[in-house]
Amino acid sequence: MTITDTQTTDAEALTPGHERVLLMRQIMPADRDTDVIRLYVDPDPAALDADKFDIGTSKAAHEAAAMASRLQSATKGARTVHPDQIVSRTAFRVEHGETMSFGSYFNAFPASYWRRHTIVDEVRLTVRLEGEGASVIVYRSMANGRSQRVDSGTVEGTAGEFSFDLPLKPFTDGGWYWYDVIAADEDATVASAEWTAEVPAERAERGTVTIGITTMNRQDFCAKLLGQLGNSNQLAAILDEVLVMEQGTKLVKDSEFFDEAAAALGDRLRILEQGNIGGSGGFARAQYEGLKADRSTYVMMLDDDVECETEGIVRAATFGDLCRKTTIVGGHMFSIYEKAQLHSFGERVAPYTFWWGSAPGVFPGWNLGERNIRSTRWLHARIDVDYNPWFMCLIPAEVLREIGLSLPLFIKWDDSEYGLRAKDAGFPTVSFPGAAVWHVPWTDKNDALDWQSYFHVRNRFIAALLHSKYPRGGRMVQESFNHQIKHLVSMQYSTVALRHKALMDVLAGPGVLHEQLGSTLPELKQLVKGYADADLIADPEALPEVKRHKLPRKGREPSAVISGRAASVQALLQPLRQLRKPRDQAQTNPEAEIMAQDARWHKIARYDSALVSLPDGTAAAFYRRDRGTFFAKMKETVAIHKELALRWDELAEQYRAALGDITSPQSWERTFGPWLESEGTSSEPVDG
């Protein structure tokens, strides 16, 4: 450890041919937002939760242990952090007699990620303290969450600067560095803290970023996001351009927040109006424009309906600059409704089932306001991923040139497929701690049942045909068939129709993907017309009266929670139940009203009709059982899945052979053609 007086300006000795670069700095929330303060500081004592080897092997045991940890946190009484303790964007005041830990999401140093992926082998932490008797203590953790005290320093006088040189060698599997500050004799202010490293001079040059935002009718959200980007001094140093792909009818330029945002960004903002060709079409346009301009090191995909910690963009770019090999760097997602809740920390695609989801060891929905990093064992192991969702994802231009742009999928699976494609080409993805956005959680959406279910199914099958290593995609065909049966017995006939169309379009091959981008959505909305489960009722006065045909057996309503064995029994019984004619009264009056959170197939299937609400709470649908529809759709389901199984290898060969062409800048340029012409944009070819 080196201790210097705050007035000392002696130049440090650097290794010849090296420069010292800033990796990350201490930050505080903008606007003194106390809803997110525990992502920046942790006022509570560390209380590490149980070790997985003590808990056992079952998923239920681990979930129970996680719940017990949360309850423990809720009952112990958390300390309050006052807004006036946030001195500035980079300074924080610790009250007399208190200890404050900076072992938090935005201020702890994710040592294992730097150790695994970058050329950095040692970091320097420099902390500037004000306040007599104030102390700083440096800690490190291991992959299992256990922590160790590393070093410390105490202010002699009124202020001091402390530097700690910290090796990264012990962080192979996981672990963080962080520091705690103790205000002993009076209030102490942590004026700043910086993590720096010596790197070869040729690697010290900072890469620059083009940010691409696809938006559709979220003009206020998008304009506020542009304001956040424009008002960040740190981001300004590496920001080349912000591209907004405007695909809606309610334009971002008409938002009351736009003028201020546009003034902040100046000539770095460019709005491109084009038809609604989905998120993949919008992001592909950003990738195309980034390559065409040929000035940015990276192109960042950023959702329009997020709040962004702009410092995370700078950190992601810095990390990418210093990676050993060219790497995609993504951020994490917190809930925009419960801002300390970590919704997405790392994503994988399970190879046999080919489902996306949280990486092994991750607990989705973890609230860091209740249990922060120091108390949460699983957060200390490094999480390796297959891809990062495009709510925040930094893609090097080198990757875009090498493997092409997004697949023309409209929405869903474009980001995960791209991560798998990049991985196959030798470009890893890192979901990087300390880079994050606040976003609407996926759990509050209805995209497994409405028109979006088409894209879930079609695009998942396309991704599996491209990347699955298992015959017939492992469980893909069988699970798809099972899901169709569940939707059929649940009276979700519109969803079955959408999924059937998705699979038929998969069977049609890759040649139509570009031409379908702008036409598929209107077709889907037309397709579901006439299905009762797709007829949404928003007015409570219009909801039909619930009338039961008989009292529940022994007064017990069917439970939404069911054991695996009981679910298997229902999977056998419910298709047989379709042989019975529905009760006449059920066609006019629902037999039950089922909340979205309880709308499981095995519960819905017990009725001949039901009122089922949407996950976002805005409306409900009147499901009604129809024998004719059931058996017609069942016949289609059998035929389609049989064809998929028989033609899998042939289709996989077709999609893999076409991948390079349909993701090339040249193919996308033809798709963008009408809008490029209207903009008067030069059609000089893009290298790629």
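For a straight C-alpha distance cut-off of 12 angstrom, the aspartates and glutamates reachable from LYS525 (same-chain residues fewer than eight places away being disregarded) are ASP450, ASP535. Each 10 Å bin from zero up to the one holding the largest Cα-Cα distance in the range 440-594 carries the following percent of pairs: 8, 29, 35, 20, 8, 1.
Subtracting the Cα-Cα distance from 0.36 nm times the residue separation, let me have the gained length for ASP424 to LEU22 in nm, one decimal.
Computed gain between ASP424 and LEU22 is 141.5 nm.
For volume of the Cα convex hull per residue in Å³, computed directly from the structure shown, the correct entry in [x] 145; [y] 155; [z] 177 is [z].
Multiply the residue separation of THR154 and ASN482 by 0.36 nm, subtract the distance between their alpha-carbon atoms, and state the gained length in nm to one decimal. Present the calculation step by step, with values, prior to reporting the outcome.
On the way: separation 328, 0.36 × 328 = 118.08 nm, distance 6.42 nm.
Gain on stretching THR154 to ASN482: 111.7 nm.
Give the shape of the range 552-640 as rounded, prolate or oblate, defined through the alpha-carbon gyration tensor: a ≥ b ≥ c are the square roots of its eigenvalues, a/c under 1.5 means rounded, and otherwise the shape is prolate if a/b is larger than b/c and oblate if not. Rounded, since a/c falls under 1.5.
For the range 139-296, the Cα-based Rg and Dmax, in that order, read 22.4, 64 Å. Here the range 469-538 is treated as an ellipsoid with the same Cα gyration tensor; its semi-axes, largest first and in whole Å, are 24, 20, 7. Summing charges over all other residues whose Cβ lies under 11 Å from the Cβ of SER431, with Lys and Arg as +1 and Asp and Glu as -1, gives -1.
Tell me, what is the FRET efficiency for ASP294 and THR90 to the nearest 0.05, using R0 = 45 angstrom and their Cβ-Cβ distance as r?
Numbers: r = 35 Å, r/R0 = 0.77.
After rounding, the FRET efficiency stands at 0.85.
For the pair ASP267 and SER568, the difference between a 0.36 nm per residue extended length and the Cα-Cα distance amounts to 102.3 nm. Projected label points at GLN585 and GLU545, each 7 Å from Cα along the beta carbon direction, are separated by 1.1 nanometres. Label the range 413-493 by shape, choosing from rounded, prolate and oblate, from the square roots a ≥ b ≥ c of the eigenvalues of the Cα gyration tensor; if a/c is under 1.5 it is rounded, and otherwise prolate applies when a/b is larger than b/c, oblate when it is not. Judged from the Cα gyration tensor, the range 413-493 comes out oblate (a/c at least 1.5, b/c at or above a/b). Spin-label model, GLU132 to MET595: label points 7 Å out along the Cα-to-beta-carbon direction sit 5.8 nm apart. The C-alpha atoms of the chain define a longest principal axis, and helix 665-679 lies at about 90 degrees to it.
Give me the mean projected area, in nm² to one decimal, of the convex hull enclosing the Cα positions of the range 279-390. List each step's numbers first, then the result.
Details: hull surface 35.6 nm².
Reported value for the Cα convex hull: 8.9 nm².
As a quick test, which of the pairs LYS469/LYS635; LYS547/LYS603; LYS169/LYS423; LYS339/LYS486; LYS169/LYS325; LYS529/LYS603 have an alpha carbon distance above 23 angstrom in this structure? Checking Cα-Cα distances, LYS469/LYS635; LYS169/LYS423; LYS339/LYS486; LYS529/LYS603 exceed 23 Å.
All of the numbers you see were taken from the coordinates with simple rules; none came from a lab. The shown structure was predicted, so the numbers you read here are calculated from the model rather than taken from an experiment. Quick reminder, even Gly has a Cβ in these numbers, built from the backbone with ideal geometry, and neighbours come from all protein chains shown.
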